[in-house]
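See below for the structure under consideration.
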Amino acid sequence: LRLESDWVRHAYQASIDGDLIYYRDNDEYDAKTITAEHSLRLDIRRFTTATLDARYVLDMPKEGDPEEQTLSGSVALSQDFGPAVATLRGGLL
């Protein structure tokens, strides 16, 4: 599933996808993975933008393996100087 804005200024994108694997006779090999991503770009001034990104991953492998969840995000501020763009980015995982 993918969503994308149709705004003149700013931009928003979101996506969710996953893999669900099921075995009819061998349940212990079933696996599930889900990924959700969001991105928001805000046009602050004519040549200045802020971008916020977030991502979540849920990995439920076959029976007996540990479940993993990952959450990450970042924030960036960009200034366009014509032939060059300067970006300051920070994030966490």
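Obtain the nm distance between the two label points defined at A31 and D17 by a simple spin-label model: each point lies 7 Å from its Cα along the Cα-to-C-beta direction.
With each label placed 7 Å out from Cα toward Cβ, I get 1.6 nm.
Return one whole number: the accessible area per residue of the chain in Å², for a 1.4 Å probe.
About 79 Å² of surface per residue is accessible.
Expressed as a whole percentage, what fraction of the accessible surface of the chain belongs to carbon and sulfur atoms when a 1.4 Å probe is rolled over the protein heavy atoms?
Its accessible area is 55 percent carbon and sulfur atoms.
At 1.4 Å probe size, with no ligands or nucleic acids counted, give the accessible surface of L3 in Å², nearest ten.
L3 has an accessible surface of roughly 100 Å² with all protein chains in place.
Using protein chains only and a probe of 1.4 angstrom, how many square angstrom of Y23 are accessible, to the nearest 10?
In the full protein context, Y23 sits at about 110 Å².
Relative to the compact-globule scaling 2.2 N^0.38 Å, provide the ratio for the alpha-carbon radius of gyration of region 9-82.
Normalised by 2.2 N^0.38 Å, the Cα Rg of region 9-82 equals 1.64.
The values are calculated or read from the model by the stated rules, or taken from the named source; none is laboratory data. Please read all numbers here as calculations on a predicted model, not as lab measurements. We place every Cβ from the backbone using ideal geometry, glycine too, and count neighbours over all the protein chains shown. Areas reflect the complete protein model, heavy atoms only, side chains present, ligands, DNA and RNA absent. Shrake-Rupley method; radii C 1.70, N 1.55, O 1.52, S 1.80 Å.
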